[in-house]
Amino acid sequence: MCRVQFKAFGHQNIIGEHKTTVELTSEEYLSPRGTCIIGVRTDLTLNELHTEFKRLALLGTTKIVLKMSVDGLEEKVTGIGGPGLTYSDPTSMVARTSSYECGRTLMINADKAASDLSRNFVERLKDSNEVIDSELIFSTQ
């Protein structure tokens, strides 16, 4: 099992209504069109992950969990790895409910999209001072 903790921040334009993805980005600005983005200014990106995470991500048997906590509210998104997860993107990490794989994809077949997150959780994220304590957990099944 591999774990890494990191932080992201809220933003006034967070909507959290996308039906198929959840995204965290290292970008500082968010337009209202980014309905999947639930955190900005992450202090960790996919391409910065240790080699062991990247190796595990390539396996379809790897369970990948993204835990996020803000003001005592917690959300968890769970999916799996896949052979096309290169973790090459220097900006975004995207959990996808589909099986689409690209350099931005953190996990596929995720059990939640942004629209599935608690509305109380999403409301808290509309404050740019809110810190989202986040953790990635990779485990082989």
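Each value in this text was obtained by applying a stated rule to the coordinates, not by laboratory testing. The structure displayed is predicted, hence computed values, not measured ones. A quick note on method: Cβ atoms are made from the backbone with ideal geometry, for glycine too, and the neighbour counts reach across all protein chains shown.
Across segment 20-141, Cα pairs under 8 Å and at least six residues apart give a relative contact order of 31 percent. Pairs of lysines in segment 2-140 whose Cα atoms sit within less than 17 Å of one another amount to 11, provided the residues are eight or more positions apart or on different chains.
Each label point was placed 7 Å from the Cα along the Cα-to-Cβ direction; for Arg33 and Glu130 their separation is 2.4 nm. Of the three principal axes defined by the Cα atoms of segment 35-116, the extents in descending order read 34, 24, 22 Å.
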